[in-house]
Structure formats: C-alpha cells, structure tokens
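> One structure, pasted below without further comment.
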Ligand SMILES: Nc1ncnc2c1ncn2[C@@H]1O[C@H](COP(=O)(O)OP(=O)(O)O)[C@@H](O)[C@H]1O
Ligand SMILES: [Mg+2]
C-alpha cells in the first residue's frame, strides 16, 4: 500500500518534481565529475608532476664533494665512491616497492668525440672488442673535424633488472623516470653500441642520426651509432647519452655507477611527516614507516643500501604535495558547493509542496497516520526523485568528467561503476537534507485547523 | 470522578476548550451509551466542531475529561493519539476530505493501512455496501459530491470504529444525496453503531435518539427525541 500511495502521488505536480530532479541531477553531475577526477587526481597528478623529474637522489655516502658544474660531474673518474648496479634489484624489495615506479643509475664520463669516417663505418652491433679501436687516434686524419670534449652520460633507457628473492624482472631506466624526454629518432638499446646526442651538441658539432661517433676516454675509443637526438632542456642537451655499460667501459668502472635517480609515488608531505622519526613513539614510528612519505621511503632505501645517502629532491616534492592537496581540496569544495546548491533548490520546491499538501496531510493524520508514515510518504517521493535525478546526474557527470579530464589532464578519468551507488546515496542525502525543514513542518502539522479549512 | 462504565461510549466531563481568550467550549458534560445516535446542534460558532474534534482526538480539551470507550483522550501522547484515531473513531467531514490522487477504493484502503493492513477485497465490499461498486477506481474528482461522501462513509466504517463522528456530512449535498447518506446512517444505527452527528437541520436532528444543543460553547439542552412531547429537558448552566 505504501508504494501504491507513493506511486499515485508521484505523478502529481510534474513540473515541480522535474525541477527537483533537475536540481538533484545538476548537483550530482558536478559531484560525479569532480569525484571521478578527484579520485584519479592523486595518481594522475602524481604522475603528471613526476615528469618534472625523479624525486629521490641516491649517492654514495662516502662520496667526495661533487665537482658539479651545470649538473655535469667534472670530478676525475677515479675520485669519489661508486655504487654497484648489481644491487639495484633490492630497491624493489623494500616495503614500498610498488611505489618505486622507476630508477635510473648514472655514470658521467668526460669524453672526446669525433665523427667517424663515413667510409670506415664502425662495426655495427654490440660492443666492439676494445683492442680493435683502443689504439685509434683521437683525431682521425681522414675523418671530419673533431667535435671536442663532451660528457657522456651513461644510464639505462629500458633495462631488465633482476629483483632478488624471486621478484622477477623489473624493467626500468629513463623510460620510467623521465618518460617526457623528447627524442627525435629512437632511444639506444641498453646492450648496443649506440647513443643519443643532446640537441645543442648535435647542432654545434653537426651530428646527425645514423652517424657513428668515435668516443674516446682514457685509452679507449668506442664507436657509437647515433640513434636519436634528445631534447630535455637540461644538461643532457649538451651531452651524449649512452648505455651505462658503455660509460662503465670507457671509465674502467665495470658494474658501477655514481648516482641514482628514483621516481617514487609518495604521499604529500604533511604536518606528521615533518616530525623527526627518531623522536617518535613506536606507534607513530610505525605509522610513519608505513606511509609512503619521501622520508620513510628514503629510510627504507638506506636500510637496503647502508653506504648510500638518499636525498629527496625537495622543491619538487613539496610543490607536488601542495598542489595535490590544493587541487583535491578544490575538487571537494566544488562537490560540496554543488550538492549544497542542489539541497537549497530541493528545499525551495519541497516547501511549496508541503504548503499544497497541508490538507491531505491533516486528513491522513486524522485517519490515524503516524508521524513516521507521513514523513515516509514524502521522503519516499523525494528519494524516488533522487534516484532518477541521481542516475541522470551520474550519466551527465561521467561525460563531464571525460571532458574535464581531457581538458585539464589530457586523459579521461577511469570509469568507476562504484561511483553510481555513491552518487545515488549522495542524491538521497541531498534530497533528505533539502526536505528536512518542510518535513518537520509536515510531521508537526496540527490536523484540526487544516480540516476546518483554515 | 466517574469511573468508566462498560457500555458508555462517550463521557464528557466539564470539557472546556479555549482559543486564546475565546471559550469555544465551556464545561460541557454528557454521556453517550453504546448504539446511541446523537445529534449535536447549535448555531454556527457554538463549538460543535470543537467538541467533535476533541472526541476524535484531533484537539485536546483545555480542561475537563473526554473519555471515549474508557480512554481519556486528552491524556494520550502523540503515539497513542495516532493509534486512537486509527482504532476508535471514524470521521466524516462536511468537505468529504478524500485524498485527491487516490481512487475511491484506495481512499478506503488508506484507512485500513493506517489501522493495520490494507485489504482491497474488504474495501471493495465496503464501497459496494454504500452503492459504489461501479465507482471503485474513480478519482474523487470524477465522483459527485454524494458519491464522495459515501466513499468517506465507507472509509469511516472500514475499521469498525467504536464511534462515528460526522460533522455536517450532508451540509454540501443536494436533497437526493442527503437522503442517500441519511439512509446509510440509519442503517448504521440499526446495526448498532454509535453515531455523533453535527447538523443544522432540525429534520435531521430528529432522526437521532437525542439532540445535544450547544450555544456559545455551553450545553444549552439535551432533548430526547423519543418522547419529545414530554420535553424531557436537562437544563444546563
Ligand atoms: N484553532 C482555532 N483558533 C481560534 N479560534 C478557533 C479555532 N477553532 C475554532 N475557533 C473558534 O471557536 C469557536 C467554535 O468553533 P467551532 O467549534 O468550529 O464552531 P461550530 O462548528 O459550531 O461552527 C468559533 O468562534 C471559532 O471561531
Ligand atoms: Mg463546524
């Protein structure tokens, strides 16, 4: 009988109900859109901002002060300490291993370059035997002009790292830490005698894709085929970027590297993360250790590599945290405002409805309807409207989220069906909130004056 | 204090009701025995509706006691009052007061639903008894005044109330429909129902067992229609 009454009553005052449903639909549409984006925003923005660079720098603890000019390490290759690239798999065994989205080891070697004689093409394929070319002069009498000195940055582009304890293979390198680096042509293969050349250097020295460079350091000269021209806006534009193994051979430091950049998904720094972990209570320490703050991830990395120093690249990390927090806060604020506006619209129409229905409410009370039932009849209708308006709002909101995602972040947010019940619940809550005051008047209505026709 | 007597359906004891400074009812006392048909008469504004509302649990007396079927209505809490309205009384109003968006049968079922559970078959039978078997799914707007009032009567009876309170039920009806409704009331009376009927019409008042006359909120006189020649009159100050 309850449903029958609600159903019969629902058909009335179609225009006002449409208004209520539209208000609820608009509110939930905005809520759906912002929630979809906000739920994605953590991950999405995290990745967006990550493209400003890795957020952790790992260096040997015993390292000498780097002679770092314009980001290039000018120390002699023999000075300072080195780290072993064979240990890198351990990074994927720490507590927050899944938050380590990539890392790349670096070894910088000052080199002398000259373009190879086009006629005397370097042997293609992997690592030419050092003996074959190590005696070659730095400047070829027959070849082109010497390009002079440059830094060869040895690193990985997409290298397979064996994770210990059966952790499988993890592929990482610049492709994971710096995916935005723009390469014309293609990247080098990590196991080939190839390189990419910084755009400025290439322009200055007239180096083109497909050419082979004779690269010399110490007594060793290696031919490297140029597979691409890289533009980063940083030090790499003036350098040669080559597989780590090449740099290790040129500098005679096999299996070693000098600094490691790590890109980790981290929780924005907050008040709690600023505390000194050594002064925390055990419970707080656990909480800190089990939150993916930069500081706790750093600590865990140091536990794996006792001889290293892990430094967050602070400016980026903090800026990232602030922006993330602000964007999320803004999203929630917009959601709240939209829902509140919907509640106000619902309240306005509900107030009129109650005025119009006074006589039937009085009658029902005279016939022995409880306050609960009177309220339930009205809320039943409001919830039905919430269901319809909420469903329409959800559909519109998904569309809006795609638009918003495309416009703001360049990617559509993930479609989350779980949002539908959440949004319907919100619509019902808004409809209830908007109905509270009219509902109160309805429930407390005195039947006698109404039935007299006052 | 009078203790509830078993076959007394209504005991009004010095019932007063004031609205601000206005005394709508002023120390009204009377009793109604089960099965009696009482006409409440008096000029407009004399307190008839106020009296009916108090007995029906829609209003509370300012002082005095209104006991219906052993229950002191004025002392009931909100929840008990709701139960009381659903269980003990059946209302019929001058303006019919049907729910406009419910069909005739649904209007009757509504009272069943508030009382216990809706039983469509029983509601249909109740409408057939008042001669509306062919108007079941009509909306109030599709029914004549007389038909609407008969729906209201079926609704008032559906839960077998102890007391039927009818406030000028024929006030908005033409002669033919008035006769129909009065016939139904007569049937109810002979079936043993207790009826309080407010009316302006002496002709209708004479159909009752007794007439209670109000004036300015006071009980002016109670007239026994059966031996009106004797003018068995209770004067009341
Ligand atoms: N809610 C109220 N507030 C103020 N005065 C009222 C109210 N209800 C009734 N009255 C007054 O009480 C008096 C009796 O009213 P009522 O019982 O409706 O009379 P009747 O039904 O005999 O015409 C009238 O003067 C009326 O104006
Ligand atoms: Mg009246």
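The values are calculated or read from the model by the stated rules, or taken from the named source; none is laboratory data. Here the structure is a predicted model, which means the values were calculated and not measured. Backbone-built Cβ (ideal geometry, glycine too); neighbour counts: all protein chains shown.
> Residues in the stretch B:138-147: is at least one in contact with a helix residue (DSSP H, G or I) (Cβ under 9 Å, 6 or more places away or on another chain), part of a loop (DSSP other than H, G, I, E, B) and surrounded by fewer than 16 Cβ atoms within 10 Å (Cβ to Cβ)?
Yes: the stretch B:138-147 contains one or more residues that are in contact with a helix residue (DSSP H, G or I) (Cβ under 9 Å, 6 or more places away or on another chain), part of a loop (DSSP other than H, G, I, E, B) and surrounded by fewer than 16 Cβ atoms within 10 Å (Cβ to Cβ).
Okay, residues lined up against (1) modelled with pLDDT of 85 or more; (2) more than 25 Å from the chain's Cα centre (by Cα); (3) over 19 Å from residue A:243 (Cβ atoms):
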site: A:118; (1), (2), (3): no, yes, yes
site: A:137; (1), (2), (3): no, yes, yes
site: A:147; (1), (2), (3): no, yes, yes
site: A:150; (1), (2), (3): yes, yes, no
site: A:159; (1), (2), (3): yes, no, no
site: A:167; (1), (2), (3): no, no, yes
site: A:170; (1), (2), (3): yes, no, no
site: A:188; (1), (2), (3): yes, yes, no
site: A:194; (1), (2), (3): yes, yes, no
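> Just to be sure I understand the filter: pairs with C-beta atoms under 8 Å, separated by 6 or more residues or on different chains, first member in the stretch B:26-50 and closer than 12 Å to residue B:168 by Cα and within 14 Å of chain A (Cβ to nearest Cβ), second member in a strand (DSSP E or B) and more than 9 Å from ligand 2 (Cβ to nearest atom). Which pairs pass?
Close Cβ pairs (under 8 Å, with a partner that is in a strand (DSSP E or B) and more than 9 Å from ligand 2 (Cβ to nearest atom)) amount to B:48/B:40; B:48/B:41; B:48/B:214.
> Going through the stretch B:174-199 one residue at a time, which ones are within 16 Å of ligand 1 (Cβ to nearest atom) and away from chain A (no Cβ under 14 Å)?
Filtering the stretch B:174-199 down to residues within 16 Å of ligand 1 (Cβ to nearest atom) leaves B:196-199.
Matches in the stretch B:174-199: B:196, B:197, B:199.
> Being within 7 Å of another protein chain (Cβ to nearest Cβ) and under 21 Å from the mean Cα position of the chain (by Cα) is the filter here; which residues of the stretch B:88-106 pass it?
Within the stretch B:88-106, B:91, B:93, B:95, B:97, B:99 qualify.
> Being outside any helix (DSSP H, G or I) and without any contact (Cβ under 8 Å) to a residue 60 or more places away in the chain is the filter here; which residues of the stretch B:171-197 pass it?
B:173, B:174, B:191
> Now a separate question. Being surrounded by fewer than 18 Cβ atoms within 10 Å (Cβ to Cβ), assigned by TED's automatic domain parsing to the domain that holds residue A:20 and either touching a helix residue (DSSP H, G or I) at 6+ places or on another chain (Cβ under 7 Å) or modelled with pLDDT of 90 or more (or both) is true for just one of A:423, A:354, A:411, A:430. Which residue is that? Please lay out each step first, then the result.
Numbers: A:423 fails: surrounded by fewer than 18 Cβ atoms within 10 Å (Cβ to Cβ); A:354 fails: surrounded by fewer than 18 Cβ atoms within 10 Å (Cβ to Cβ); A:430 fails: surrounded by fewer than 18 Cβ atoms within 10 Å (Cβ to Cβ).
Of A:423, A:354, A:411, A:430, the one residue that is surrounded by fewer than 18 Cβ atoms within 10 Å (Cβ to Cβ), assigned by TED's automatic domain parsing to the domain that holds residue A:20 and either touching a helix residue (DSSP H, G or I) at 6+ places or on another chain (Cβ under 7 Å) or modelled with pLDDT of 90 or more (or both) is A:411.
One line per residue, one yes/no per condition, for (1) assigned by TED's automatic domain parsing to the domain that holds residue A:92; (2) under 20 Å from residue A:183 (Cβ atoms); (3) modelled with pLDDT of 90 or more:
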position	(1), (2), (3)
A:231	yes, yes, no
A:242	yes, yes, yes
A:258	yes, no, no
A:264	yes, no, no
A:274	yes, no, no
A:277	yes, no, no
A:281	yes, no, no
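> Here's another thing I want to ask about it. So in the stretch B:153-192, with the set limited to residues that are within 16 Å of ligand 2 (Cβ to nearest atom) and in contact with a strand residue (DSSP E or B) (Cβ under 8 Å, 6 or more places away or on another chain), which one is nearest to residue B:85 (Cα to Cα)?
B:165
> Next up: Every residue in the stretch B:107-119 that is more than 9 Å from every other protein chain (Cβ to nearest Cβ) and assigned to a helix (DSSP H, G or I), please. Give the steps one after another, and end with the answer.
Step one: of the stretch B:107-119, the residues more than 9 Å from every other protein chain (Cβ to nearest Cβ) are B:107-108, B:116, B:119.
B:107, B:108 - these are the residues of the stretch B:107-119 that are more than 9 Å from every other protein chain (Cβ to nearest Cβ) and assigned to a helix (DSSP H, G or I).
> Which of the residues that make up the stretch B:42-66 are farther than 23 Å from residue A:364 by Cβ, more than 16 Å from ligand 2 (Cβ to nearest atom) and surrounded by fewer than 23 Cβ atoms within 10 Å (Cβ to Cβ)? Show your work before the answer.
Going residue by residue through the stretch B:42-66, those that are farther than 23 Å from residue A:364 by Cβ are B:42-48, B:61-65.
Going one step further and asking which of them are more than 16 Å from ligand 2 (Cβ to nearest atom), we end up with B:61-65.
Matches in the stretch B:42-66: B:62, B:63, B:64, B:65.
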